[in-house]
Structure formats: C-alpha cells, structure tokens
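Undergrad: This structure is in structure tokens; I'll ask about it shortly.
Any read-out appearing in this document is the output of simple, stated calculations on the displayed coordinates, not a laboratory observation. Keep in mind the model is a prediction, meaning the values are calculated, not measured. Heads up, the Cβs are rebuilt from the backbone with ideal geometry, glycines too, and the neighbour counts pull from every protein chain shown.
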2 protein chains.
Amino acid sequence: MRWEDLDRECCSLARTLSVVGDRWTLMVLRECFLGMRRFEEFEARLGIARHVLADRLKKLTEAGVLTKRAYQERPRREEYRLTDKGLDLYPAILALVQWGDRHMAGEAGAPLLRVHKSCGHAMRGVMVCSECNEPIVARDVRVEPGPGAVEGALPAMVRAR
Amino acid sequence: MRWEDLDRECCSLARTLSVVGDRWTLMVLRECFLGMRRFEEFEARLGIARHVLADRLKKLTEAGVLTKRAYQERPRREEYRLTDKGLDLYPAILALVQWGDRHMAGEAGAPLLRVHKSCGHAMRGVMVCSECNEPIVARDVRVEPGPGAVEGALPAMVRAR
DNA sequence: CATATCAGTTCTGAAAAGAAACTTATTGGC
DNA sequence: GCCAATAAGTTTCTTTTCAGAACTGATATG
C-alpha cells in the first residue's frame with residue numbers, strides 16, 4: 001500500500017495520516033505551533049535533512065495545512081504559516097505532547113508548561129464529550145457506521161453491535 | 001538523526017513520536033481501539049507486510065503500550081491488548097480521527113460515529129482547559145519552561161516571553 | 001569582489017518497506 | 001498415518017524512501 005493512496009481510504013485516521021502521519025511532518029508542525037516560520041529555523045532546530053524539510057513543507061502546503069508567503073522581495077524569501085486547517089491540528093498535537101509528558105518524561109517532569117492565556121493558568125488539555133462534558137476514556141466510547149461509511153470497511157465487531 | 005534517539009530528546013512530542021510516530025504504528029493502534037487483538041486480524045484489515053507488523057507489535061509491547069498474552073496453549077497463540085499506557089493514547093488518536101472527519105472526509109461525511117456510552121449520545125471529543133473548562137484553541141496557549149526543561153532547548157521566542 | 005544569508009536542489013550510500021515464500025506447532029478429516 | 005488448515009511469526013529478495021553532504025542561485029554587506 002502506498003501512503004499517498006491513504007487519503008482515499010474509508011478511515012479518517014488513515015486520511016489524516018496521509019497528510020501528517022510522518023515523524024518529520026509532526027515535528028515541523030510542532031515548530032510551527034512554537035512560532036517558527038522559516039526554512040532555516042526549522043532546519044536548525046530540528047536537524048532535519050534539507051531536502052526532507054523542503055519535501056514536508058511542500059506537502060503540508062499542498063494539503064492546505066501551511067501557506068507559503070513572501071516576507072521580503074529581492075531576494076524573495078518565503079515563510080510558512082499555519083492555516084486554519086493547520087491550527088485545527090492543535091488538539092491532536094497537544095494530546096500527543098501530553099501523552100509524552102505523562103508517560104515518557106523522566107523524573108525531571110515535563111519540559112514545557114502550557115499557559116491558557118484567557119484564564120491565566122498553567123493547564124492541561126482534557127478531552128471531554130461534546131454532549132455531556134465529561135472526560136472521555138477509551139472504554140466509554142462505542143463506534144457506529146457514520147454517513148460516509150462504506151460497506152465492508154467496518155470491523156465485524158462494529159457491525160455486530 | 002535516528003528515531004530511536006528521539007526518546008532522549010527534551011521534547012515530549014519527540015518522545016511520543018519515538019513510540020507511536022509511525023504510520024503503521026498508529027494504524028495498528030486504531031485497530032486495537034476497534035477491538036482487534038490478533039496478528040492475523042491486524043494483517044487482514046490493514047494489508048501490512050507481516051514482518052513490519054511483527055516489528056511494530058514488538059516495539060509497542062516493549063514500550064509498554066501493548067501487552068502480549070497467550071489466549072490459548074497448544075498451540076500457543078498470543079494476542080495483543082492495550083495497556084493503561086496504551087489506552088491513554090485515545091485522546092490523541094481521537095483528535096487525529098476528528099481532524100480527518102472535519103478536513104479530509106468527502107461530501108459523504110465521517111465514516112464512523114462515536115457514541116459516548118455513559119451519556120448515550122453521538123459525540124465529538126472537545127479539548128478543554130483543565131482549569132477553566134473552555135475549549136482550547138492554539139492561539140490561546142503560551143509556552144513556558146517546565147520542570148524538565150533543558151537550557152538551550154527552548155526556542156528564542158519562548159525564552160523571550 | 002569576496003563572503004554571507006536564505007531557500008532550496010542534486011547526488012550517493014544506507015535503511016526501511018513491500019511481496020511472497022518458508023517455519024513451527026497443533027488440530028481435524030479421510 | 002498422511003494431508004490440509006490455522007495462527008503467528010521469520011526469511012529472502014526487490015523496490016522505495018531517507019540521511020548526509022555538497023552544490024545552486026539570487027541578493028546584500030564589508
């Protein structure tokens with residue numbers, strides 16, 4: 001299976017991974033969320049091979065996650081910014097970071113704290129149910145075919161319920 | 001840079017990605033959250049090469065995300081289950097899936113619906129602030145050095161604030 | 001006019017993935 | 001007893017992708 005074909009799969013995770021399901025891509029996005037915008041910033045901070053960085057920035061731009069805009073002419077220099085679609089990835093990246101804070105940090109603790117500007121507190125993100133506002137745990141969620149479901153693509157245990 | 005070294009990086013995202021930052025790994029975890037446990041189930045549903053699957057299951061087990069347990073002796077057959085550490089990845093995977101539902105689904109809509117068993121409603125997960133319970137958007141979060149911070153590892157714009 | 005900056009591209013060897021056959025242990029049918 | 005089937009891998013071989021380093025091109029600076 002080629003990863004480019006994943007965007008035609010009937011699975012939102014596969015479709016998402018066809019865009020961001022790559023280590024370097026996610027690391028580049030982390031830098032974007034920390035305010036980085038320029039090619040050399042990404043390179044210096046990540047230690048990524050330049051052609052891989054160029055490739056990831058191009059793909060993210062084509063996918064509409066980043067936009068490329070000139071920040072100066074003569075010589076023309078471009079920078080990359082998150083689009084609204086890109087900014088929407090924040091919960092996913094925050095969830096991954098928090099899992100690392102919790103399960104992969106040493107005794108020292110989390111390397112970064114996040115402060116919610118609007119309330120002023122150091123915070124964690126908590127996934128809650130849009131309907132009852134209670135925190136979500138995996139065992140409390142059941143899956144059903146949705147409007148975009150394709151026959152045969154669901155696992156037997158989902159169909160059976 | 002080798003990805004195996006990422007777990008020693010001073011960045012929780014890098015540390016997380018050293019464990020789950022691989023397309024196949026995340027697809028395997030999706031199957032785990034859908035209730036799959038056996039080697040052949042993973043293989044049949046994902047179309048993954050067998051030695052790649054064996055490698056990912058081994059790494060996830062070593063990382064403590066899955067546990068291997070025999071579901072029968074003679075012949076001995078093993079299955080893989082999510083540990084608590086693995087179940088903790090649910091918010092991250094849900095966030096990725098929902099991004100796909102929102103930005104990558106066709107006109108047909110999301111392939112799956114998720115039902116919150118405890119309240120009975122079809123739901124989305126919403127990332128809210130642990131302190132004020134308001135939904136989190138990227139622009140509303142500021143980063144500060146945490147207890148596990150390492151000098152020089154923070155971007156200039158974080159140090160400057 | 002040599003050097004520096006920034007955003008890339010090109011080249012080459014190494015690592016990882018894909019496809020398919022092979023292995024091991026055991027049960028069930030003929 | 002022998003053959004096929006099942007499940008969970010392992011091995012082998014080929015193709016693709018990746019990492020590292022050097023090179024390019026437009027412009028500004030000393």
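Undergrad: For B:Val150 and B:Glu62, FRET efficiency with R0 = 22 Å and r from the beta-carbon atoms, rounded to 0.05?
TA: 0.30
Undergrad: Moving to a separate point now. How well do other chains shield peptide A:34-41, expressed as the mean number of their Cβ atoms within 10 Å of each residue Cβ?
TA: Mean inter-chain Cβ contacts per residue within 10 Å come to 2.
Undergrad: Counting only C-alpha contacts under 8 Å and six or more residues apart, can you give the relative contact order of chain B as a whole percent?
TA: Contact order relative to length: 13 percent.
Undergrad: Can you list the lysines whose alpha carbon is less than 28 Å from that of B:Lys58, not counting same-chain residues fewer than 8 positions off?
TA: Reachable lysines: B:Lys68, B:Lys85.
Undergrad: Still on this model: What Rg and what Dmax come out for the range B:1-88 when only alpha-carbon atoms are used, in angstroms?
TA: Cα only, the range B:1-88: 13.5, 46 Å (Rg, Dmax).
Undergrad: With +1 on the Cβ of every Lys and Arg and -1 on the Cβ of every Asp and Glu, and nothing else charged, how large is the dipole of the range B:83-125 about its Cα centre, in debye rounded to the nearest 20?
TA: Here the range B:83-125 has a charge dipole of around 100 debye.
Undergrad: List the equivalent ellipsoid semi-axes of chain A in whole Å, largest first, each obtained as the square root of 5λ for an eigenvalue λ of the Cα gyration tensor.
TA: 31, 24, 15
Undergrad: Over chain B, with a Gaussian network built from C-alpha contacts below 10 Å, which listed residue (B:Ser18, B:Ser130, B:Ser118) shows the highest mean-square fluctuation?
TA: Checking each option, the largest mean-square fluctuation is seen for B:Ser118.
Undergrad: What size of dipole, in debye to the nearest 20, comes out for the range B:18-155 about its Cα centre when the only charges are +1 on Lys and Arg C-beta atoms and -1 on Asp and Glu C-beta atoms?
TA: Its charge dipole is roughly 640 debye.
Undergrad: Right, next: From the Cα gyration tensor of the range B:42-109, with a ≥ b ≥ c the square roots of its eigenvalues, which class applies: rounded if a/c is under 1.5, or else prolate if a/b is larger than b/c, or else oblate?
TA: Prolate, because a/c is 1.5 or more and a/b exceeds b/c.
Undergrad: Could you give the length gained on full extension between B:Ala122 and B:Ala70, defined as 0.36 nm per residue of separation minus the Cα-Cα distance, in nm?
TA: 15.2 nm
Undergrad: Oh, and also: Using helices alone, I'd like the mean residue ellipticity at 222 nm for the protein assembly as shown: each DSSP H run of four-plus residues gives -39500 (n - 2.57), total over residue count, nearest 500.
TA: About -11000 deg cm²/dmol.
Undergrad: Also: Say a label goes 7 Å from Cα toward Cβ at B:Pro75 in every copy; what distances in nm does this one have to the rest, shortest first?
TA: Here B:Pro75 shows inter-copy label distances of 6.2 nm.
Undergrad: Would you mind estimating how fast the protein assembly as shown diffuses translationally, via Stokes-Einstein at 37 °C and 0.692 mPa s with the Kirkwood radius over Cα pairs, in µm²/s?
TA: 160 µm²/s
Undergrad: Further, regarding this structure: Along the positive direction of the dipole of chain B (beta-carbon charges: Lys, Arg +1; Asp, Glu -1; about the Cα centre), which of B:Tyr80, B:Gly148, B:Ala108 reaches farthest?
TA: B:Tyr80
Undergrad: Please get the size of the charge dipole for the protein assembly as shown, origin at its Cα centre, with Cβ charges of +1 on Lys and Arg and -1 on Asp and Glu, quoted in debye to the nearest 20.
TA: 220 debye
Undergrad: Under a Cβ-Cβ cut-off of 12 Å, what is the net charge of the residues other than B:Arg38 that fall near it, where Lys and Arg count +1 and Asp and Glu count -1?
TA: With Lys, Arg at +1 and Asp, Glu at -1, the net is 0.
Undergrad: Determine, for each peptide in B:48-59, A:91-102, A:25-36, the mean count of other beta carbons within 10 angstrom over its residues, then list the peptides with the highest first.
TA: Highest-to-lowest ranking by the protection proxy: A:91-102, A:25-36, B:48-59.
Undergrad: Further, regarding this structure: Lys and Arg at +1, Asp and Glu at -1: add these up for the other residues within a Cβ distance under 15 Å of B:Cys132 and post the number.
TA: With Lys, Arg at +1 and Asp, Glu at -1, the neighbours total +1.
Undergrad: Stretch A:Arg102-A:Ala138 to full length: gain in nm at 0.36 nm per residue minus the Cα-Cα span?
TA: Residue separation times 0.36 nm, minus the Cα-Cα distance, leaves 11.3 nm.
Undergrad: Distance between the C-alpha centers of the range A:32-100 and the range B:20-95? Whole Å please.
TA: 31 Å
Undergrad: Copy-to-copy spacing for A:Gly106, label 7 Å out on the Cα-to-C-beta vector, in nm, shortest first?
TA: In ascending order, 5.0 nm.
Undergrad: Next question, about the same structure. May I ask you to derive the relative contact order of the range B:1-88, considering only C-alpha pairs under 8 Å and at least 6 residues apart, and to give it as an integer percent?
TA: About 20 percent, as a whole number.
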